[in-house]
Structures are given as structure tokens and as C-alpha cells.
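Input: a single structure, listed below in C-alpha cells.
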Amino acid sequence: MSKKLLEKIFSVKNDKDRKHKVVNMLGTKIKFKKLNIKEKIDYFKIMNDKSLYVGIPDDITLQLCFNDNCNCNCKFCAADIVKDYNQRSIMPDKWLYEDFLPLYPKTNHIVPTYGEITVCKEGYDYLSFINKNYPQINISIETNGISFTNKWIDLATENLMRVHFSINAINEEYFKKTVWEQDGIYPKIINNLDNYIKKLDEKGLGAFRPCVSMVLNNTNYETMLDFIKMSLNKQLQIIVLFFDTGLCLTEENKKKINDCFITLLELERILKDKVYLNFRLFVPINNVKELEEIANRASIEDLKQKYSDILKITENFKTLKDLFYERTEIRNKFEKKPYTYYEELTGVCYHQVIGDKYSICSNANNHIRLYPNGNYSVCPWRTYDNNIKEFQKNNKIDWISFFNSYYYRKLRKNFKKFCYEGCMINCPAAEKISEKNFNKKYSI
Ligand code: SF4
Ligand code: SF4
């Protein structure tokens, strides 16, 4: 066999930066960092620390970047989306229907994300397979709503899916300004959302109304309150607001962000029992504390006056805790795996558990965010430095080695010490809350 051919099959070389070894196996390249003595000792200690071993953990979240194409064209989209349907990557069938089988009995959540799950037949087929064979698993999907038509409405209703609609606008005019200048898209989304709510109500499952989100930027920040009112009028009690980082580039914009943020903090004070406003993700500012102080200056009575129209809409709402009880009761009847109250409110991309007296992010225990090319991370907000193919042995994935790799163990160890190096700045899951306050906030 010629040397060149042999290199194509297997080779180990230094990388250009000479800090890594690159192993090439049948065209799959895996990069290993060269370790110095200190790192070798650290590696040895971590790999031999029994407290960091979890076997195949319980309560797994499989966050699958299912496919990389989308039927929308959002101006703020930061994802690497392919527009040619034939060129897209899709999660390999072998992983979904064979390799993941040992994980499903231990999986609490499946979260297909990245790209639009509703536009591909494979997405629908896969979630129908999970619904049929593993009905106990909770499924959470994010959708732009354009293709959330009857077959999805039926599947989501039957499965008690947690659905997140990215709406971003109060009407078509703003949709075109902020999202996509295409006629007729916004009414389609709202129509699908309304049909879904109607179907849930018909089935007595109104408690499973979806959550909605809005990306806030220069084109729509002044409509934020109207967006919240529109959502509340549909009795949607979980609303997510994302600040588009483009909004905070100039001093003038900084004032707009501050104003929006103060409004949200004020609303949070008067609505917190009935509406969960999730706006602390990707906060592109470092003066949150200062703004909290400003928002805390007004008396509750003054805020009630200021937002009397919003309070009027929510006056007959169930409390979030009652909503959680109702969902839990229904989930139990459907024999679903339980959600914590924290997960109910915040979604399933990040999780907190009580560690040694304080809360810690638990993603390093049991969360996989995986791309179709095999790159993975413990969460969407960290880099993807590893590939699942490293754990393929005899045509199967060695899950014990995977979950107990140096990568997972090191993060487990760091998080236990509240070290979140490499994590998203201001990540809510990294917040160190005492056991007492955590229970006060999230236990019932
Ligand atoms: S819906 Fe999401 S993935 Fe699709 S274009 Fe918009 S931001 Fe990108
Ligand atoms: S703390 Fe880190 S791992 Fe946990 S959710 Fe935040 S960014 Fe992800």
C-alpha cells in the first residue's frame, strides 16, 4: 500500500500551531491538545476522581441540532443556515435510531434545535418515532411557526410538547422591518399559533400553551410592551425577550436597552407570580445591578398604576405555580418524565441543581448539544471542541467513556467550584443562589 494511501486511512500529525496532534481516521480528523507536565497531572487527577464519574447519567437532555436549513430569512439570524435543501446536513439515522437507543430510557428531554425542525420530513418522522416508542420523554421544540401546520399541531398536542414560537413582531409591518420582508408570512405564523392554542383548548390542554419570543433591536424595541400585551391577550404566560447584540453598539442604543431593561424589571416586580418574563439570557450589558436598583425605586403601587392595562389582562391568570401543578398533573397522567419548576419556567437548555449549599449549572452532568457532523458541547453557549466520533468503538458509541471523558469531568469539577470559564457571560444557570433562596424562588 502506498504511503499516501496509508495516510488517507490513518495518520497522526502535528497541527500547524504545533500545540495539537491531529489524528486522521478514514477522513475523520480529531484534534488532541498536546499536554504539558502540569496538564498531564491535572488530567490524571481528574480521570481518577471517582466523584466525577456518572456512568450513563439519568435525566439526560439531548439537544440535537437536527438540520441546518430553514424556511425563514431572518435579518438577525446568526446561524449557519444552508438555503439549498439538497446541501443540508441532517442528524444521521444511525445515531437517532440505533446509537441513541441506550440513552432514551434515561432521557428526560429531547430538544431539536438549530435550523427549523418543522421543514423536514426527517424531523417529523423522528419526533413521531419518539412519541410512539418513548412517550415518557418530554420534547421541546423551537419554531418560527411558518410550517407549524395541522400535522405538527396534532403531534405537539398529543405529545404535550413544549413549543416555543419565535414571533418577534406585533404585526406584519414590524415583521417586515425586523425579520423578513416577505408578504404573507406573519399572518401565517399567527394563524398557526392561534390554531394550536384552539386545539389545545379543545383537548383540555390549555395549560400547555406555547411560549413566545421576541428579538429586540433597533427596528422594534419601541413595540416591546405591545408585544407583551399581545402575548398576554393570548394567555401566554412565558415570554422570552432576546436583546440583539447589534442594538448595543452606540451610546444612543445603550439608552434604549437600559429603558427596555428597566421596563422588564419593573414588570417582573408586579407580574412575577403570573407571568415569567425571561430576558436575562444574552444580556449585552454589564450594568444590570445598577438598572435593578433603578427599577426597585418605584413603589409597587406606582408600578401597578403605571402598568394598569397589563394588570387588567392578567387579573384572572393562574399563578405560575398553579400552572406548573396543572401541567405536572397532566404530565403524570401521560406518564411523562417530570419537569422541575425551574425547567418549567426557564426551558430545557440550561438546568440548575443544588450543589453544596448553592445552586450550580448541571449541564456538565447530563446535557449533550450535538451537531450532525458530530461536534458536541454541554450546552449551546460554549464552544464545540470535541467530536462524538472519538467514542465510536465497533460501530457503536461508547456512552460510558463519552459521559466520563476528561471534557465532561473537567467541567463537572469546575462547575462544582462555581468556575464557569468559557461559559456565556451573565448566564442565568451560572448564578450562585443559596439553597434557601433557590427553594424560595423555585420550589413549591
Ligand atoms: S427562524 Fe431561526 S434559523 Fe431560521 S432564519 Fe430565523 S433565526 Fe435563522
Ligand atoms: S453555565 Fe455554562 S454550561 Fe451552564 S447553561 Fe450557562 S453557559 Fe451553558
Scanning the range 264-302 for residues that are under 26 Å from Ile425 (Cα atoms) and assigned to a loop (DSSP other than H, G, I, E, B) gives Lys272, Val275, Phe279, Arg280, Leu281, Phe282, Val283, Pro284, Ile285, Asn286, Asn287
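Quick test for you: out of Ala156, Ala79, pick the one residue that is more than 16 Å from ligand 2 (Cβ to nearest atom), of a type in the set (Gly, Ala, Ser), more than 26 Å from Thr219 (Cα to Cα) and touching a residue at least 24 places away in the same chain (Cβ under 8 Å).
Values: Ala79 fails: more than 26 Å from Thr219 (Cα to Cα).
Every option except Ala156 fails the conditions.
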For the range 303-320, does any single residue satisfy the condition of being surrounded by 14 or more Cβ atoms within 10 Å (Cβ to Cβ), of a type outside the set (Ser, Thr, Tyr), within 30 Å of the chain's Cα centre (by Cα) and not in a helix (DSSP H, G or I)?
yes
Log entry, pairs with first residue in the range 410-433 being without any contact (Cβ under 8 Å) to a residue 40 or more places away in the chain and among the acidic types (Asp, Glu), second being outside any loop (DSSP other than H, G, I, E, B) and away from ligand 1 (no atom under 16 Å from the Cβ), beta carbons closer than 9 Å, six or more apart or on different chains, reads Glu421/Asn414
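Identify all residues within the range 95-129 that are in a loop (DSSP other than H, G, I, E, B) and either within 16 Å of ligand 2 (Cβ to nearest atom) or under 22 Å from Ile397 (Cα atoms) (or both); write none if there are none. Working first, answer last.
Looking only at the range 95-129, we keep the residues that are in a loop (DSSP other than H, G, I, E, B), and these are 100-103, 114-116, 120.
Matches in the range 95-129: Phe100, Leu101, Pro102, Leu103, Tyr114.
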Taking the range 378-409 and the residues there that are over 18 Å from Ile360 (Cβ atoms) and among the basic types (Lys, Arg), the one that is farthest from ligand 1 (Cβ to nearest atom) would be Lys393
Taking the range 35-73 and the residues there that are surrounded by 15 or more Cβ atoms within 10 Å (Cβ to Cβ) and among the charged types (D, E, K, R), the one that is modelled with the lowest pLDDT would be Asp42
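Within the range 135-144, can you find the residues that are more than 9 Å from ligand 1 (Cβ to nearest atom), part of a loop (DSSP other than H, G, I, E, B) and either surrounded by fewer than 19 Cβ atoms within 10 Å (Cβ to Cβ) or not hydrophobic (A, V, I, L, M, F, W, C) (or both)? Reasoning before the result, please.
First, the residues of the range 135-144 that are more than 9 Å from ligand 1 (Cβ to nearest atom): 135-141.
From what is left, the residues that are part of a loop (DSSP other than H, G, I, E, B) are 135-137.
Selection gives Pro135, Gln136.
If we only count helices (runs of 4 or more DSSP H) wholly inside the range 332-444, which ones have 3 or more residues that are at pLDDT 90 or above and surrounded by fewer than 18 Cβ atoms within 10 Å (Cβ to Cβ)? Before you say what the answer is, go through the steps one by one.
On the way: elements: 341-346, 363-366, 399-403, 406-416, 435-442.
Per the criteria, 406-416.
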Would you be able to say whether some residue in the range 380-392 is within 12 Å of ligand 2 (Cβ to nearest atom), under 21 Å from Asn67 (Cβ atoms) and out of contact with any Pro (no Cβ under 7 Å at 6 or more places or on another chain)?
yes
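The values are calculated or read from the model by the stated rules, or taken from the named source; none is laboratory data. All of these numbers come straight from a predicted model, not from anything done at the bench. Cβ atoms come from the backbone with ideal geometry, glycine included; neighbour counts cover every protein chain shown.
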